[in-house]
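First up is the structure itself, then whatever we jot down about it.
Derivation of every value follows stated rules applied to the coordinates shown; laboratory data play no part. Treat the numbers as computed from the prediction; the structure is a model and nothing was measured. When we count neighbours, we look across all protein chains shown, and the Cβ atoms used for this are built from the backbone with ideal geometry, even at glycine.
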Amino acid sequence: MDYTASQSGFRQRKLQPSTRLRNSSADVSDGSQLFEDMSGSGPGAYSRNQPAGPQAAWYAGQSFLSDPMSSLAMTYGSSLASQGKDMVDKNLDRFIPISKLKYYFAVDTVYVGKKLGLLVFPYMHKNWEVSYQQDTPVAPRFDVNAPDLYIPAMGFITYVLVAGLALGTQNRFSPELLGVQASSALVWLIMEVLLVLLSLYLITVNTDLTTIDLLAFSGYKYVGMIVGVVAGLLFGRLAYFLSLLWCCAAIFVFMIRTLRLKLLSEAAAEGKLVRGARNQLRMYLTMSIAAAQPVFMYWLTYHLIR
Amino acid sequence: MAFTLYTLIQTAILCTNAVAVLHEERFLSKIGWGVEQGVGGFGDDPGVKAQILNLIRSVRTVMRVKVNSQVRMIVTFLLQGVFTGWHIF
């Protein structure tokens, strides 16, 4: 009795205890209110020592939560959860550099539009160099040559959806196939990035290409794949082959022009023929990376167009 | 081809196992890829062959730290169906 008096005295400024009781019974029927508004349902339930009828079970559950020890346990639990969250954030930052990732997503609409145009028609673009700002590359928002991860990520998801659409038009669709397509494309992407990393290590080329840059460059081919598949869906196989051919050529030229500046030495990048085994190896590497893109593009889409 | 992430992990385990089991005396020296022949060229151009030898040697060194790592890898691969009830074959 003392307890209820003190509790209801504490809450006097809100509502009368009788209306408080009605509110608590209304809160009982709404499950979410049970956890959010403990101040409302607490003293109302506790003041009723002998609840009658079918609501006995609900009131028993409420009295568990209104117990001050359990509220203490709740605050302790939430502090533990926030500690765990801090620890996860700190450790996650060691494996996946979140701050570096933010650079790759700093895009805007104008950049995305220009980059998509560049991926499909790279023949008119003259200046392919990434501009720097005091030793750090400028954000993609300000430089159309900088790699980003937004287009590859969106392209990957769109590719999975378009693949599902294409399979659905041929009555070969089932929801598991979406997962199969996604994981298969992801595996090919990871393998390609690992192979490029391995070959970069073997040829000991000193470059400032990071893993995420390679991931971005490998993800640009999804744009061509989507264009090809959509054209094939709309206009038939001939349109698929023609648009895929166009996009393959475009990606080939795009990759060569982008990687030439990063992988080759300065003199060779400007078009002069530089002799030497190293430069030859680097040129072969650039060519093979660029040539692998059309192969992947065809490999990942031909089974969608029958 | 329906690749899954699990096949990728499987491939990685088997490849690492293959590199770890290479016997230096019996095999690598015979084809001229032994340890003593790889450390020759210190310059700024080690060459592809020297890089491959370095890679193989470093993978083997890392694997040697873990005792019987190849046995563990094969056992894990073969027994994955027993514990989880989910098999690849």
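Things to note:
- In sequence order, calculated HN-Hα J values of the stretch A:193-208 (Karplus, 6.51, -1.76, 1.60; Hz; x Gly/Pro): 5, 5, 5, 5, 4, 4, 5, 5, 5, 5, 8, 6, 8, 8, 9, 9
- Most to least packed among A:109-119, A:76-86 [average Cβ atoms within 10 Å]: A:109-119, A:76-86
- From the alpha carbon centroid of the stretch A:167-181 to that of the stretch A:221-241 is 17 Å.
- When the alpha-carbon atoms of the stretch A:67-154 are used, the pair Rg, Dmax equals 21.5, 73 angstrom.
- Using only alpha carbons, the stretch A:149-302 has a radius of gyration to Kirkwood radius ratio (Rg to Rh) of 1.03.
- Average Cα contact separation per residue, the stretch A:149-302, under 8 Å, 6 or more apart, as relative contact order %: 26
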